[in-house]
Amino acid sequence: MRKMTLIQRFSLVSLVAIVLFGVVFGWVITTSLERNMLMWSKQMAASIVSDEVKKEFTVADFVTPKTGPDYDVFSERMGRLSFGPEVERIKVWNRDKVIVWSDEQQLVGQRFPDNEELIEALDGEIVSEISLLNKTEQQFERQFERLLELYIPIRFEAQGEVGAVFEIYSNLDPLYAEISRHKQKIWTLTFLGFAVLYGALFGIVWRASGRIEAQTREIVQSEERYRSLIRAAQDGIISVDRHGKVILFNEAALQMFGYSAGEMMGQPLHKLIPEQYWEHQFGTSRFPRASEIPLPEHSIEAKGLRKNGESFPLELSLSVSGETDDPMVTMIIRDISVRKAMQQQLVEVEKQASVSLIAGSIGHEINNTISGLAGYAKLLMRKPDDGKLARKCAEIFAAQSQRLGLHAHNLLTLSKPREPAMKPIVINSLLRKVTELLVVSGLLKAYTIVEEYAEDLPPVLGDEVLLEQVIRNLEINAAQAMEGQGILTLTTKLSPDRFHVEFSIGDTGYGIPDDKRDQIFLPFYTTKGEGKGTGLGMYIVKQIVEQHKGYLRLESEVGVGTTVTIGLPVL
């Protein structure tokens, strides 16, 4: 069966509701009209009868039944009263519940003590009913179909007792004919009014239904576009409920993790992204509540776990949607294995460039040392018997051999392959170590080095080899910017928020123009002359700092110098 549209449902429901309401409304109005008109007719009749009786009679006239000649005299006097054309029958009762006079003479003198309406009237109440004509005293009124039976108490004094009760029967046919005419008008107006109301509401709902259907089509189309986008996305997309169970995924996510759709649906997220990541990122091994997720301004790195047990690096973006008490967390996941490999290659390229530069300087220092040793050797050969000279040459040979050993140790250290290992690092010690190497190698030999290290700094968590490369690159850049003379300033301190250790490397070189500051962090961009740089140094520095969840600030003024500040989270 075809599902009814909104306008069809409204038409059916509202039509039934309005018809029912209209019927109830019309019934209430017409019933009230009928009741009010009957009450008005009763009150008018009672007022007329009371006024007319008091004009012609006194209380003494109603003491005894009127029989014989008295009946005719009383009838003549009754004839002078005007009760209206609709009054068909009249009975007059005294206080003893005896009919004193009636237009049916046979009833005069009869007593009906069980007449409840009469008893109420004798107590001063106007009693009325639409008579069913089934009482004993009503045998002469049964020729009529419907009469208004009205008991009217007559008081001849304002606060006196009831002296007599007039029982009159009024023909209701003219009154009901009038009521019927009014009812017809009311029903006509009621149905016309509700028809207009229905039409107005139908028009409003018709327009609203059109807009809703158009919006529904747009939503359906938007949802279809969304699903198509999800299906076609190259990145993996996974949504989880508030319990961390997978409720939505796309084909890219299936291929990335190696699962089938049936295997992934409803699975806990830690099967795909191990609990260790959540522990590191949010401080809890369980999947965090939506309210606990501090949504990052950019994507964050994590580790994924494929079905075959293989771990791989991924980039993760989080977003929360849905109701507060039933949220949905959606993750856009990108496999960055290839990118990480390329980054590592770039790091190695830059490292080799730095090593080559340092090795060249060390080679120059070794060559100078060997030349000096050769000179002393020739001198000693010319004066083999000079003991004082031999002793001095031996001391020089020992000192220079130690220096050559230090150069050899430094070259071996630089040649070691990188083995990533996050461990606590004291920044002051690391700065001294790298700076000493570059001084010994000769790269910083010509510069004045100012060290301003804060004491008792907390350690940071980092990869020592990568952080050495950051410091080495920045110090070599500073030396090249000063072109043979200047001041290299090394500073460490705790950040104002006390959550980071900051170290700064400043030079008095030529500085960086404003229009080039953003470009120096791009790969293969360099401000140095041809053959003096790879263009990867600052790019690698920025990548390593971000990998350590740190930050970088650059301050530079042309002709004054440049200062680079690195902030790393404390352990």
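The values are calculated or read from the model by the stated rules, or taken from the named source; none is laboratory data. Everything numeric in this text was worked out from a predicted model, so none of it was measured. Don't worry about glycine lacking a Cβ; one is built from the backbone with ideal geometry, like all the others, and counts go over all protein chains shown.
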Self-check item: Single residue of region 74-97 satisfying the filter (exposed (fewer than 12 other Cβ atoms within 10 Å of the Cβ) and assigned to a helix (DSSP H, G or I)) that is farthest from the chain's Cα centre (by Cα)
Solution: GLU76
Quiz item: Only one of (1) β-branched (Val, Ile, Thr); (2) surrounded by 14 or more Cβ atoms within 10 Å (Cβ to Cβ); (3) at pLDDT 75 or above is not met by VAL220, so which one is it?
Solution: (2)
Practice problem: Would you check if PRO153 is part of a helix (DSSP H, G or I) and either at pLDDT below 80 or not β-branched (Val, Ile, Thr) (or both)? | Solution: no
Quiz item: Has region 31-40 got at least one residue that is outside any helix (DSSP H, G or I) and under 60 Å from the mean Cα position of the chain (by Cα)?
Solution: no
Practice problem: Quick one: SER260 ticks every box in (1) without any contact (Cβ under 8 Å) to a residue 12 or more places away in the chain; (2) surrounded by 11 or more Cβ atoms within 10 Å (Cβ to Cβ); (3) assigned by TED's automatic domain parsing to the domain that holds MET328 except a single one, so which number is it? | Solution: (2)
Quiz item: In region 543-553, which residue that is surrounded by 15 or more Cβ atoms within 10 Å (Cβ to Cβ) and under 18 Å from ILE505 (Cα atoms) is modelled with the lowest pLDDT?
Solution: GLN543
Exercise. Starting from region 459-487, keep only residues that are within 13 Å of LEU444 (Cβ to Cβ), then list their pairs with residues that are of a type in the set (Ser, Thr, Tyr) and assigned to a helix (DSSP H, G or I) whose Cβ atoms are within a distance under 6 Å, requiring at least 6 positions of separation or different chains.
Key: ARG472/SER354
Quiz item: Among the residues of region 28-35, is there at least one that is buried (at least 17 other Cβ atoms within 10 Å of the Cβ), touching a helix residue (DSSP H, G or I) at 6+ places or on another chain (Cβ under 6 Å), more than 30 Å from ARG207 (Cα to Cα) and not small (Gly, Ala, Ser)?
Solution: yes
Self-check item: Number of the exception - HIS500 against (1) more than 13 Å from VAL545 (Cβ to Cβ); (2) within 43 Å of the chain's Cα centre (by Cα); (3) not basic (Lys, Arg)
Solution: (1)
Self-check item: Qualifying residue in region 440-452 (condition: touching a residue at least 12 places away in the same chain (Cβ under 8 Å) and under 46 Å from the mean Cα position of the chain (by Cα))
Solution: no
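To keep it simple, each residue is scored yes or no on (1) under 16 Å from GLY163 (Cα atoms); (2) in contact with a Ser or Thr (Cβ under 9 Å, 6 or more places away or on another chain).
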{"site": "TRP40", "(1), (2)": "no, no"}
{"site": "ILE48", "(1), (2)": "no, yes"}
{"site": "VAL59", "(1), (2)": "yes, no"}
{"site": "ASP70", "(1), (2)": "no, yes"}
{"site": "ARG89", "(1), (2)": "no, yes"}
{"site": "TRP93", "(1), (2)": "yes, no"}
{"site": "LYS97", "(1), (2)": "yes, no"}
Exercise. Name the residue, out of ILE179, ILE212, ILE204, that is without any contact (Cβ under 8 Å) to a residue 24 or more places away in the chain and either assigned to a helix (DSSP H, G or I) or hydroxyl-bearing (Ser, Thr, Tyr) (or both).
Key: ILE204
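Here's the yes/no breakdown for (1) assigned by TED's automatic domain parsing to the domain that holds LEU150; (2) under 18 Å from PHE156 (Cα atoms); (3) among the polar types (S, T, N, Q):
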{"site": "LEU38", "(1), (2), (3)": "yes, no, no"}
{"site": "VAL59", "(1), (2), (3)": "yes, yes, no"}
{"site": "THR64", "(1), (2), (3)": "yes, yes, yes"}
{"site": "SER82", "(1), (2), (3)": "yes, no, yes"}
{"site": "GLU86", "(1), (2), (3)": "yes, no, no"}
{"site": "ASP103", "(1), (2), (3)": "yes, no, no"}
{"site": "ASN115", "(1), (2), (3)": "yes, no, yes"}
Practice problem: Assess whether LEU38 counts as being touching an Asp or Glu at 6+ places or on another chain (Cβ under 8 Å) and either of a type outside the set (S, T, N, Q) or surrounded by 14 or more Cβ atoms within 10 Å (Cβ to Cβ) (or both). | Solution: no
Quiz item: Of LEU430, LEU438, which residue is out of contact with any strand residue (DSSP E or B) (no Cβ under 8 Å at 6 or more places or on another chain), outside any strand (DSSP E or B) and at pLDDT below 85?
Solution: LEU438
Quiz item: Just one of GLU455, GLU419, GLU451 is assigned to a loop (DSSP other than H, G, I, E, B) and either at pLDDT 80 or above or among the polar types (S, T, N, Q) (or both); which is it?
Solution: GLU455
Quiz item: Could you say whether any residue in region 477-497 is modelled with pLDDT under 90 and either basic (Lys, Arg) or in contact with a Pro (Cβ under 9 Å, 6 or more places away or on another chain) (or both)?
Solution: no
